[in-house]
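Each remark here refers to the structure printed beneath this line.
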There are 2 protein chains.
Amino acid sequence: MEDFAVGQIYTVGPIRVSADAIKAYARQFDPQPFHTDEELARSTFFQGLAASGWHTASLTMSLVVQALPIAGGVIGGGVEELRWPKPLRPGDELRLEGEIVEVRPSRSKLGQGLVRVRTTTLNRAGEAVQTMIANLIVPRRPA
Amino acid sequence: MEDFAVGQIYTVGPIRVSADAIKAYARQFDPQPFHTDEELARSTFFQGLAASGWHTASLTMSLVVQALPIAGGVIGGGVEELRWPKPLRPGDELRLEGEIVEVRPSRSKLGQGLVRVRTTTLNRAGEAVQTMIANLIVPRRPA
């Protein structure tokens with residue numbers, strides 16, 4: 001906890017996301033035509049193949065793990081808000097921007113602190129495909 | 001939209017989650033020892049192998065797709081709150097309980113409505129491993 005301060009910015013990426021990866025995730029977790037089939041996707045809400053929002057969230061987690069140097073690992077205490085302003089498209093690349101917005105000791109656990117982070121997951125054009133406010137459980141340094 | 005009403009309950013499941021599935025998801029999206037290795041996991045925060053919260057969220061989406069009969073598909077307009085009160089463990093089974101908490105026309109899009117759903121993802125012991133409040137974009141029936 002002691003290594004974090006409000007206003008710190010972390011950036012990481014890019015990672016590339018293929019059509020095959022979008023379809024493989026969707027077949028397992030979100031098997032709907034706009035996530036699994038280019039042809040069928042054209043006449044849907046998304047007007048073409050788009051990644052499941054939960055795939056975007058999963059990819060964002062892989063970037064968070066790269067970005068945040070937390071002893072004992074990145075452990076989520078919950079998410080306050082999660083939005084997908086634009087869909088993630090095949091062949092796009094993702095970057096993460098994370099900003100620390102709160103740092104405080106846990107109210108109930110003596111050796112723990114809480115770090116609140118606002119993340120923005122950006123596509124190649126710099127548009128947000130996901131925004132999130134998440135709470136992380138972090139260890140405190142012994143006094 | 002017209003098919004939904006506040007108070008409707010949807011239940012679906014169970015699906016079984018293996019240690020291999022937990023590790024396969026984690027290697028791709030959340031490669032931390034407590035999600036990828038039984039031995040190393042013992043001395044961590046989770047005291048044993050536990051699924052990534054984003055894996056639990058992905059599995060929950062697969063249950064939501066089964067549970068909710070929405071013309072045009074289940075399309076997420078965002079999540080208000082997402083919590084993981086307990087970790088999902090290998091060999092456990094998940095069930096979903098979803099309750100409709102709000103139904104209203106879209107303020108900006110003529111043919112669309114918004115359905116707010118509270119989901120609880122339960123393990124075999126009936127404990128919540130995830131709670132979520134999500135907004136879904138649904139089509140309206142022509143007048």
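Summary table
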read-out: Any chance B:Gly111 is within 30 Å of A:Ile137 (Cα to Cα) and either hydroxyl-bearing (Ser, Thr, Tyr) or at pLDDT below 95 (or both); value: no
read-out: Positions within the stretch A:123-132 being open to solvent by less than 40 Å² (accessible area, probe 1.4 Å) and either more than 28 Å from A:Pro90 (Cβ to Cβ) or touching a residue at least 60 places away in the same chain (Cβ under 8 Å) (or both), in sequence order; value: A:Val129, A:Gln130, A:Met132
read-out: Test result for B:Glu80, within 13 Å of chain A (Cβ to nearest Cβ), open to solvent by 60 Å² or more (accessible area, probe 1.4 Å) and part of a strand (DSSP E or B); value: yes
read-out: Members of the stretch B:74-86 that are free of Cβ contacts under 8 Å to residues at least 60 places away in the same chain and either touching a helix residue (DSSP H, G or I) at 6+ places or on another chain (Cβ under 6 Å) or within 24 Å of A:Gly111 (Cβ to Cβ) (or both); value: B:Arg83, B:Trp84, B:Pro85, B:Lys86
read-out: Whichever residue in the stretch B:28-48 is charged (D, E, K, R) and more than 10 Å from every other protein chain (Cβ to nearest Cβ) and, among such residues, is farthest from the chain's Cα centre (by Cα); value: B:Glu39
read-out: Some residue of the stretch A:58-67 being surrounded by fewer than 22 Cβ atoms within 10 Å (Cβ to Cβ), at positive phi and more than 10 Å from chain B (Cβ to nearest Cβ); value: no
read-out: Enumeration of residues in the stretch B:31-73 that are in contact (Cβ under 8 Å) with a residue 12 or more places away in the chain, among the β-branched types (Val, Ile, Thr) and in a helix (DSSP H, G or I); value: B:Thr36, B:Thr56, B:Thr60, B:Val64
read-out: Condition check for B:Ala51: among the hydrophobic types (A, V, I, L, M, F, W, C) and at the interface with another protein chain (Cβ under 10 Å from one of its Cβ atoms); value: no
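The values are calculated or read from the model by the stated rules, or taken from the named source; none is laboratory data. Note that the structure is predicted; figures quoted are calculated from it, not measured. Every residue, glycine as well, gets a Cβ built from its backbone with ideal geometry; the counts of neighbours run over all protein chains shown. Accessible surface areas use protein heavy atoms only, side chains included; no ligands, DNA or RNA. Shrake-Rupley method; radii C 1.70, N 1.55, O 1.52, S 1.80 Å.
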